[in-house]
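Step one of this worksheet: look at the structure below.
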Amino acid sequence: MRRVSLIAAAVSVIATGCTMAPKYERPLPPVAASFPTGGVYETQPPGAHNANGVAAADTGWRNFFVDARLQQLIDIALKNNRDLRVAVLHVQAAQAHYRVVRSELFPTIGAQAGQSKQRTPKDLSFLDQTISNQYSVGLNGAWEIDLFGRVQSLRNQALAKYLATAYARKAAELSLVSQVATQYLQVLEADDLLQVTQQTLKTARDSYGINKLKFDNGTASELELSQSQTVVESAAANFQAQERARAQAVNALVLLLGEPMPAEMTGGMPLDDQHLLTDIPAGVPSDLLTRRPDIMEAEQNLLAANANIGAARAAFFPSISLTGSFGTLSPSLGGLFKPGSAAWSFAPTITLPIFEGGQNMANLDLANVQKKIEIAQYERAIQSAFREVADGLAARGTYDQQIAALTREVSAQQRRLDLSTLRYKQGVDSYLGVLEAQQDLYSTQQMLITARTERLSNLVSLYQALGGGWIEHTGDMPREADAPVAASAG
């Protein structure tokens with residue numbers, strides 16, 4: 001039954017000149033028609049630096065990131081990052097493979113010249129001529145007539161794989177822009193944490209000095225002295241851990257850059273002044289199909305699997321090859337181009353599979369299963385993209401309120417510390433109240449810095465999730481997925 005259906009498909013191929021690959025139909029996106037709205041998904045009001053309704057894919061990374069130092073780092077990474085360089089080389093390799101497969105659609109023609117010398121036993125020779133010579137010069141050619149679209153299907157598969165590799169390279173570039181920005185924010189976060197820790201350490205040492213003087217004078221207990229020392233040692237330990245974290249964050253950033261950190265750079269902005277775009281429109285999930293290179297990569301892999309079915313089907317039918325040659329033959333070198341020395345040959349060949357131990361049927365079954373796998377991978381890519389955007393929108397709708405609440409808490413904790421210190425100095429409360437206030441203030445300050453970093457990192461991730469980071473300036477013409485990184489205009 002399956003062979004009958006394949007024969008019917010072959011008749012259709014011959015009539016239309018197409019391949020035997022099944023008609024491609026893009027799977028329906030397995031997600032909701034719109035992103036979640038309301039509640040935590042409410043978009044924040046635009047700030048002084050807003051997107052003006054421009055989609056992420058059309059927003060240049062220099063317009064999204066306003067920090068001149070960060071822009072310089074991204075520019076360096078795009079030119080020197082080794083992972084991106086490998087991705088570009090994979091594209092070149094896939095392109096070369098595509099050209100190799102495409103060449104099989106055309107005839108091969110070659111020139112040849114040769115001499116053959118043969119000795120025949122005397123009793124078998126003609127007129128006692130035991131040595132014979134033959135000289136030849138001519139052209140030979142071969143061509144497989146792709147009657148059932150096997151070679152064309154393989155060509156389509158190679159093209160789709162090439163495009164998938166190009167989109168993978170584009171996804172790697174978007175990811176690199178996002179990674180550099182996120183890592184840069186980690187360095188700025190470490191700077192802010194070190195500043196807070198230094199301030200806390202100074203205050204703790206001042207308090208310890210006062211308590212040490214009181215203890216030496218007999219007006220403070222050893223318990224109060226030990227309590228003040230715990231704050232000093234805790235802050236000192238945190239300071240070393242944060243110094244280490246900052247150094248490691250810089251090392252990670254250098255790895256992304258692909259070269260040592262430049263000695264001279266344009267002045268950067270502190271964490272609080274990183275005014276990233278907060279109101280980039282999310283659009284609808286169907287927009288992701290043309291804006292997310294990872295989704296387009298998955299679809300090209302699906303198209304390649306679809307084309308492979310055509311090649312597997314064509315293997316059930318005859319293959320027709322034409323080979324021939326034209327030139328001259330002569331028993332002597334001087335007679336090669338004399339009249340009457342022309343020679344030619346023509347040898348068409350038809351090969352029909354009769355018994356192959358089930359190999360062709362197994363290849364077809366394998367091709368069908370691989371297509372089902374690629375369909376699932378494509379749908380998974382869409383679902384993952386939907387989740388990433390939805391997560392980004394949920395975070396964008398809550399971080400501002402969280403930061404505002406933490407800012408108020410820091411003010412309240414600072415006031416609490418001031419009052420606790422005053423009450424301790426007046427002898428109303430013990431030093432334990434000051435100790436708890438110091439620790440709570442320090443903890444809240446760190447939470448505020450972390451929340452600010454996470455808010456900015458989320459905006460960067462959302463920018464990438466919506467397809468942003470491919471063009472340098474808003475309004476630039478988008479490059480093709482296999483195009484090199486454009487020279488920076490600053």
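The values are calculated or read from the model by the stated rules, or taken from the named source; none is laboratory data. The shown structure was predicted, so the numbers you read here are calculated from the model rather than taken from an experiment. All Cβ positions, glycine included, derive from the backbone under ideal geometry; neighbour counts span all protein chains shown.
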Open item on the list: Consider region 197-218. How many of its residues are surrounded by 19 or more Cβ atoms within 10 Å (Cβ to Cβ) and under 13 Å from Asn238 (Cβ atoms)?
Closed with: 4
Open item on the list: Which count do you get for residues in region 401-440 that are in a helix (DSSP H, G or I) and either over 30 Å from Val40 (Cα atoms) or among the hydroxyl-bearing types (Ser, Thr, Tyr) (or both)?
Closed with: 22
- [ ] Of the numbered conditions (1) in a helix (DSSP H, G or I); (2) on the phi > 0 side of the Ramachandran plot, Gly218 fails exactly one; give the number of that condition.
- [x] (1)
- [ ] Would you please list the contacts, defined by Cβ atoms under 6 Å and residues six or more apart or on different chains, that run from a residue in region 20-42 that is assigned to a loop (DSSP other than H, G, I, E, B) to a residue that is at pLDDT below 95 and of a type in the set (D, E, K, R)?
- [x] Met20/Arg313
Open item on the list: For a quick check of your reading of the model, give me the residue pairs whose first member lies in region 353-376 and is at pLDDT 90 or above, whose second is of a type outside the set (A, V, I, L, M) and in a loop (DSSP other than H, G, I, E, B), with beta-carbon atoms closer than 7 Å and at least 6 apart or on different chains.
Closed with: Ile375/Pro27
Open item on the list: Quick check on my filter: what residues within region 61-80 are over 18 Å from the mean Cα position of the chain (by Cα), crowded, with 17+ Cβ neighbours inside 10 Å and closer than 25 Å to Val389 by Cα?
Closed with: Arg62, Asn63, Phe64, Phe65, Asp67, Leu70, Gln71
- [ ] Identify all residues within region 249-302 that are polar (S, T, N, Q), in a helix (DSSP H, G or I) and more than 18 Å from Ala87 (Cα to Cα); write none if there are none.
- [x] Asn251, Ser286, Thr290
- [ ] Could you please let me know if Ile382 is touching a residue at least 60 places away in the same chain (Cβ under 8 Å), under 19 Å from Ala307 (Cβ atoms), in contact with a Pro (Cβ under 8 Å, 6 or more places away or on another chain) and surrounded by 15 or more Cβ atoms within 10 Å (Cβ to Cβ)?
- [x] no
